[in-house]
1. Find the relative contact order for region 1-59 and round it to a whole percent, using C-alpha pairs within less than 8 Å whose residues are 6+ positions apart.
2. Nearest 20 debye, what's the magnitude of the dipole of the chain about its Cα centre given +1 on Lys and Arg Cβ and -1 on Asp and Glu Cβ?
3. Compute the distribution of all C-alpha to C-alpha distances in the chain, in bins of 10 Å from 0, and list the percent of pairs in each, rounded to whole numbers.
4. Once you keep just the Cα pairs under 8 angstrom separated by 6 or more residues, what percentage relative contact order results for the chain?
5. Between the DSSP loop rule and a limit of at most 16 other Cβ atoms within 10 Å, which GluC sites (Glu not before Pro) in region 1-61 are left?
6. Taking LYS117 as the anchor, which lysines have their alpha carbon closer than 27 Å to its alpha carbon, excluding any fewer than eight residues away along the same chain?
7. Mind giving me the nanometre distance, one decimal, between the label points for ARG104 and ASN64, set 7 Å out from Cα along Cα→Cβ?
8. Out of region 35-128, which chymotrypsin sites (Phe, Trp or Tyr not before Pro) are coil in DSSP terms and have no more than 11 other C-beta atoms within 10 Å?
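Each value in this text was obtained by applying a stated rule to the coordinates, not by laboratory testing. Here the structure is a predicted model, which means the values were calculated and not measured. Neighbour counts run over all protein chains shown; Cβ positions are idealised from the backbone, glycine included.
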Amino acid sequence: MEIIHKIGRRKTAVARVYVSEGKGNITVNQRDLNDYFPTATLQYKVKQPFALTENEDAYDVNVNVYGGGITGQAEAIRLALSRAICEVDAENRLVLKPEGLLTRDPRMVERKKFGQKKARKKFQFSKR
């Protein structure tokens with residue numbers, strides 16, 4: 001199996017994932033997964049595609065991720081890994097699709113408009 005390259009995005013985070021056969025090592029920006037994502041929740045999010053398809057120790061993963069916060073980065077990695085696992089075996093799509101792991105979440109921060117305080121909030125209105 002050659003190296004599979006996929007991209008995942010969430011908010012402003014972009015993750016480039018390189019999956020190859022191995023022992024289950026996950027490296028994020030040249031750091032171990034447990035060092036980069038300190039909380040168990042974020043580690044679970046990243047490993048979720050492997051857990052659902054029962055491939056925890058089958059592949060080595062190298063990730064380059066930038067932009068956004070750590071939660072957005074974790075979800076971007078999750079999307080990229082899900083796409084990569086589907087390319088490895090099309091049967092995995094039947095498991096990942098109902099869980100919503102192949103869906104790109106389109107929600108982004110709405111921009112601030114001129115003449116307003118924030119995106120939706122207005123300056124205080126004075127009648128007199």
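1. Details: 51 pairs, mean separation 18.6, N = 59.
Result for region 1-59 is 32 percent.
2. Numbers: 25 positive and 15 negative charges, 432 e Å.
That gives a dipole near 2080 debye.
3. The percentages, shortest bin first, are 13, 41, 24, 10, 8, 4, 1, 0.
4. On the way: 213 pairs, mean separation 39.1, N = 128.
With pairs under 8 Å counted, the relative contact order is 31 percent.
5. GLU2, GLU54, GLU56
6. Partners found: LYS11, LYS127.
7. Using points 7 Å along Cα→Cβ, the separation is 1.9 nm.
8. Within region 35-128, the qualifying chymotrypsin sites (Phe, Trp or Tyr not before Pro) (loop, at most 11 other Cβ atoms within 10 Å) are PHE114, PHE123, PHE125.
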